[in-house]
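Chemist: I have a structure I would like to understand better, so I am pasting it below and will then ask my questions one at a time.
No value in this document is a laboratory result; all are computed from the given coordinates. What you are looking at is a predicted structure, and each value in this text was computed from that prediction instead of being measured. Note: ideal-geometry Cβ built from the backbone for every residue, glycine included; neighbour counts use all protein chains shown.
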Amino acid sequence: MKNVYLSLGANLGDRFKNIWRAIEKIREHEKIKLIRLSSMYETEPWGVDNQPKFINAAAWIQTDLEPIELLDSTQKIEREFGFHEHNQARMIDIDILEFEEVKIESDRLTLPHRFMNQRRFVLEPLIEICPSKKFLLENCSDSLEVKKIPSIEFVLIACVDQNWGIGFENDLLFRIPRDLHRFREMTIDQNVIMGRKTFESIGKFLPDRNNFVLSRSGLKVEDLFEKLDRSKKSFVIGGSEIFWEFLPITSCAEITFVHETRIADKFLENLFDREDFKLISREKFHDDFDFEFLTFIHK
């Protein structure tokens, strides 16, 4: 799969929601894998006057699509949000910035993007997810303000068996007192995010925490960001679909790894690509089970 960098922007409607909805549509493509999403940045419109400010972000994806096929896919998403003229306000704009080892210059597509190095609103989000591009800012003459929106720290927290199983028939595989105590100490007075099935398995809101339950018919991910208390950490506690949803914007993963195998029907390993994460802490325990507390940070 090829590494590709995208720039996303919106300055009409609910700008934050539009960016996230576009990301969700990109992720739905079977030949695209979202690796990392930058923070959101508020920026002045570039090259025009009398337009609302933009929200911009950058995304790192991997894909088997050819460049023109990817362009067709991103333009299809743009059309679903509504047509816009060049340099006009828009619900969403998606640009392909770089496509690994590919150089193109045509009427439809130029790679790398011809204006990428001239636009600070493109470079600052891109550098956040690809620090090796920082040198591009040295020759950027764009003086428009690019303001980073205070980010939300998302932390994935889960207990797994040695096959990275996380549950069976909508229930936990383990209930280890030391792990449950650690979970409570970490999440108390913080945001906790879960799916409907996880909420139903718990049977109640977790006390002394800000609970958010996501579902297809209720609270959606794109509606979540304006509701979260940004001064607190946001712990993603399951299930597997919710883990998958948040992995590209997860800064940290707290994993209780139990050296025992249980029957499981939900797994984290196929969601949690450990090559994208770095192990920074390990504590070993020998209670009812041999287990470890592992802390990973997103590279």
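Chemist: For region 205-219, state whether one or more residues are within 23 Å of Asn18 (Cα to Cα), without any contact (Cβ under 8 Å) to a residue 12 or more places away in the chain and touching a strand residue (DSSP E or B) at 6+ places or on another chain (Cβ under 7 Å).
Modeler: yes
Chemist: Could you say whether any residue in region 80-98 is surrounded by 19 or more Cβ atoms within 10 Å (Cβ to Cβ), of a type in the set (A, V, I, L, M) and more than 18 Å from Tyr5 (Cβ to Cβ)?
Modeler: Scanning region 80-98, I find at least one residue that is surrounded by 19 or more Cβ atoms within 10 Å (Cβ to Cβ), of a type in the set (A, V, I, L, M) and more than 18 Å from Tyr5 (Cβ to Cβ), so the answer is yes.
Chemist: Considering each residue of region 131-165, count those that are within 17 Å of the chain's Cα centre (by Cα) and crowded, with 18+ Cβ neighbours inside 10 Å, and give that number.
Modeler: Residues in region 131-165 being within 17 Å of the chain's Cα centre (by Cα) and crowded, with 18+ Cβ neighbours inside 10 Å: 5 in total.
Chemist: Select from region 225-244 the residues that are crowded, with 19+ Cβ neighbours inside 10 Å and under 18 Å from Ala22 (Cα atoms) and list them in ascending order.
Modeler: Ile242
Chemist: Among the numbered criteria (1) crowded, with 17+ Cβ neighbours inside 10 Å; (2) within 26 Å of Asp107 (Cβ to Cβ); (3) in contact with a Ser or Thr (Cβ under 8 Å, 6 or more places away or on another chain), which single criterion is violated by Thr74?
Modeler: So the condition that Thr74 fails would be (3).
Chemist: Does region 183-198 hold any residues that are outside any strand (DSSP E or B) and under 23 Å from Leu294 (Cα atoms), and which are they?
Modeler: Selection gives Phe183, Arg184, Glu185, Met186, Thr187, Ile188, Asp189, Gln190, Thr198.
Chemist: Does His259 fit the bill of being closer than 23 Å to Glu153 by Cα and touching a residue at least 60 places away in the same chain (Cβ under 8 Å)?
Modeler: no
Chemist: While we're looking at this one, here's another question. In region 178-206, which residues are farther than 16 Å from Lys220 by Cα, crowded, with 17+ Cβ neighbours inside 10 Å and basic (Lys, Arg)?
Modeler: Listed by number, the list holds a single entry, Arg182.
Here is a yes/no grid of residues against (1) within 17 Å of Cys130 (Cβ to Cβ); (2) of a type in the set (Lys, Arg):
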{"site": "Val4", "(1), (2)": "yes, no"}
{"site": "Ala10", "(1), (2)": "no, no"}
{"site": "Asp14", "(1), (2)": "no, no"}
{"site": "Asn18", "(1), (2)": "no, no"}
{"site": "Arg21", "(1), (2)": "no, yes"}
{"site": "Arg27", "(1), (2)": "no, yes"}
{"site": "Arg36", "(1), (2)": "yes, yes"}
{"site": "Pro45", "(1), (2)": "no, no"}
